[in-house]
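Inspection log for the structure reproduced underneath, given as structure tokens.
The values are calculated or read from the model by the stated rules, or taken from the named source; none is laboratory data. A quick note: this is a predicted structure, and the numbers were derived from the prediction, not measured. Methodologically, a virtual Cβ is constructed for each residue, glycine included, from the backbone with ideal geometry; neighbour enumeration extends over all protein chains shown. The protein model used for the area step is the full one, side chains on, heavy atoms only, and it has no ligands, DNA or RNA in it. Shrake-Rupley method; radii C 1.70, N 1.55, O 1.52, S 1.80 Å.
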Amino acid sequence: MSIPLLCNTSLIQSSMSTVLRPPSSPLRHHHGGRWHHRHHLLPSSPFFLPLKPLSLSPSIFLYTPYSSSSTSPQQLLLDSQETQVDFDNWDPISASGVAESFNFDDSFDSVELKKFETPAVEVRELEDIPDQWRRARLAWLCKELPAHTTPTMVRILNAQKKWIRQEDGTFVAVHCMRIRENEAAFRVYKWMMQQHWFRFDFSLATKLADYLGKERKHLKCREIFDDIINQGRVPCESTFHILIIAYLSSSGPSVLDEACNIYNRMVHLGGYKPRLNLHNSLFKALLGKASSESKHFLKQAEFIYQNLTSSGLEIHRDIFGGLIWLHSYQDVVFMERIAALRAEMWSRGIKESKEVLVSVLRACSKDGNVEEAERTWSKLLSIDGSPPSQAFVYRMEVYAKIGEPTKSLKVFRRMQEQLGSTSVAAYHKIIKVLSKHQKLDLADSIMSEFINSGMKQLVPSFIDLMRMYSVAGLHEKLESTFLRYREVCHPNLTVFNIYLDSLVNTGNLSLAEEIFHEMRGNVAIGVDSRACNSILRGYMTSGEYVKAVKIYNLMRQKKYYVEIESSLMERLDYVLSLREKVVEEPIRLKLTPEQREVLTGLLLGGVQIRSDGERRLHAIHYEFNEESRIHSIFKRHIHDEFHKWLGSHDTMVDSTADIPNSLTTISHSYFTFYADQFWPNGRPCIPKLIHRWLSPRVLAYWYMYGGYRTSSSDILLRVKGSSEGVVSILKALKAKSLDCRVKKRGRVFWIGFLGDNATFFWKVVEPFILNELKELLKAGGDSNGSLETQCINFDSGSETDEKNSESSDADTS
């Protein structure tokens, strides 16, 4: 008979102890439409199968999701001062001190309790199944399957292939959903799909997708969602809705794009009219990111607004404010659209908030509309006598657009008087404006004021100041600014390039050569195409042809374009033509002994190996955390160390900022040894001979790539593999007088050097740690930028200590 999936359920009991011999009789009776247990079967019985508490309503209650992504250990390695960014594209208005995400009002969130219409699943009750042996087997399967892992579950189901059919599998899947074992229901459903008797059941797929989505398992929910579409069916409105909410509640690089994709298909493919809170939830997610990311979702936000309008739903004031905010951050501002949105707000009786007026000021600053900016400024003053600091910054930009830097300076001074403080963005903007208009003394004066304020993020303003002196031809001023910069800031490639250009232009080749070598030897700076072209031009101009040829060969190796004057290029071609032609033998790639040690340490730290189908060719894949200052420096070193092994795309970079956060070498048979040792069967493993390879250099690179220093100056190393492999590492470290403790968390082992042991570990690895990283990784040093926020308690949980290190667990990779 047909019953809803979420009706009251019975307790299924079993007396089976093996897979091949299930029980032969059912264990319950049905009287008067209600389930009753036999009086002699108590909850304490070993065959009693308890139900988990479950709401039996088939509805889903809608709410506004929030992302709660956890912080990984590498996300804590943040620089508290300046990181290596592309200052050529620096936006002073979006610098620190300016709110970059839209602030929603609390009334924007809503809860809708209206139930969804969902189809009922056709499933028989246990007593309606005619065969007693089938009832007993189904009861046993319902009890056994949720308790096992996927491989065991598949083996159990495969053992029932001779008798199990579509309705039996449906019964088991439905029962798993009733007791909230949705993962088990999903595995049963996927197993059913592989059988020859499987018939697609739209109702079952819908219920399973909805249940998985409500548990925020968006990937499994999406898999069933795609199955429904592949069967030529249109998913229910509830499935669309729940899947979108699941994506919005998850973390990941593309979950928002996928949520937008499902939303669009819900409207176009399904023809549904999404509910108000779904519109609002997706809109809020679009604007919940930084402006540099959110601005790319303008079309999607406009589409949501269009759907709200066409559906006749109530439009919250933050929808209008959010759209104006998005438009104001576009590279080319559409002022007519902003005016139309403001007019629509006025017609609906919605007053413009302070944030809306700031967004209009931002748009005016990009468009250079002084009249509208002044009108908006007057409205802003009438709302709040103390406008936010970014409003002053946008006024400065408006006057700069029309070529009146003195008025921008007056706005800056008024901000200092009115607010009693100055933001970093305001300093950036006024120095940029004055530098662009060659107001030398004023720019230098405010820069001194900026430095004395003790604020960070000085690099953009130093760049503007040095470019100003470069255009004015004042090399002495530029040099003094560079020296002042070195006293207060971290090394930066753009700053060094400006100074190098100035040295070459003034003919100071010896100092230029010294600066170039410093850049090349410091992984925190590095050299790019611009630096190589500058020093090449200097060598060619001064007749240093031998050195010029060496730089030219370096540029060829790094695949940099040669960009020098045509006359110098002709001279370089002539010099190259005079060289004796030598037939070069093909270069045979081979790792040096140092590179082999480096690679071993990186593989322990988490570097991956990707193999082809036949495992003949293998590639090394490096992943670097873009938010980590340590990794931003370390990736330049790895890029240079394995430059010859990298693919052509990864070698064609100009600066550290251009180096991607993931690097992959060419596929080569040379890596077969490492693949067999560290990644057999495509999973991470600790080699049996690892105790022979733990040299100080290996430990150092393991620490730099996959290790962390805690706030208490302890040192942690992260590794994946089996407990047997970890025991081998422990014994090898013990042999080197390195005492440590081990904690297992999920699939990861944490090896901790605590207290004095951390100091001793540091003495061992320090000679092989990059100079630029020593202050960030040194045990007992300044904790700036390298703190481990995860609390690893080595005195509780699944700890593997010296006392119990002989035990052996399954592979946790």
* To do: May I ask you to compute the full-extension gain from K550 to F198, defined as 0.36 nm times their residue separation minus their alpha-carbon distance, rounded to one decimal in nm?
  => 119.8 nm
* Structure fact -> Relative contact order as a percentage, segment 107-230, C-alpha pairs under 8 Å and 6+ apart, gives 23
* What FRET efficiency would be calculated for the residue pair Q166, E336, taking the C-beta separation as r and a Förster radius of 45 Å, to the nearest 0.05? -> 0.15
* Which Rg and Dmax, in Å, describe the Cα atoms of segment 156-234? -> 12.1, 35
* Structure fact -> FRET efficiency for V154 and S310 from the Cβ-Cβ distance with R0 = 30 Å, rounded to 0.05, comes out at 0.05
* Proximal lysines relative to K550, as straight alpha-carbon distance under 26 Å, when same-chain residues fewer than 8 apart are discounted -> K558, K559, K581, K590, K635, K644
* Asked: Within the set K688/K744; K429/K477; K720/K763; K720/K774; K295/K432; K115/K299, which residue pairs have Cα atoms separated by over 28 Å?
  -> K115/K299
* Asked: Which whole-number percent is the relative contact order of segment 482-533 (Cα, under 8 Å, 6+ apart)?
  -> 38
* Theoretical FRET efficiency, 1/(1+(r/R0)^6), r = Cβ-Cβ of R520 and V562, R0 25 Å, to 0.05 -> 0.90
* **Inter-site label distance for D612 and K644 at 7 Å from Cα along Cβ, in nm** => 2.2
* To do: Taking each pair of different alpha-carbon atoms in segment 334-374 once, compute 1/r for the pair, average those values, and report the inverse of that mean as the Kirkwood hydrodynamic radius in Å to one decimal.
  => 10.6
* **Neighbourhood charge, 13 Å Cβ-Cβ cut-off, centred on R414 and excluding it, Lys, Arg +1 and Asp, Glu -1** => +3
* To do: Determine the distance separating the Cα centre of segment 143-196 from the Cα centre of segment 491-517; give it in Å without decimals.
  => 69
* **Charge dipole magnitude, Cβ of K and R +1, D and E -1 - segment 509-613, Cα centre, debye nearest 20** => 240
* To do: Report the net charge of residues surrounding S448, where surrounding means a beta-carbon distance below 15 angstrom and charges are Lys +1, Arg +1, Asp -1, Glu -1.
  => -2
* Asked: Where does the Debye-calculated log10 I(q)/I(0) of segment 423-512 sit at q = 0.10, 0.13, 0.20, 0.25 Å⁻¹, using only Cα point scatterers of equal weight, no solvent?
  -> -0.23, -0.38, -0.89, -1.33
* Using heavy-atom solvent-accessible surface (probe 1.4 Å) with all chains present, what is the largest-first order of W346, W377, W197? -> W346, W197, W377
* Structure fact -> With 0.36 nm assigned to each residue of separation and the Cα-Cα distance removed, Q418 to L689 gains 90.7 nm
* Asked: Using the Cβ atoms and a cut-off under 12 Å, what net charge is assigned to the surroundings of D676, where Lys and Arg are +1 and Asp and Glu are -1?
  -> +3
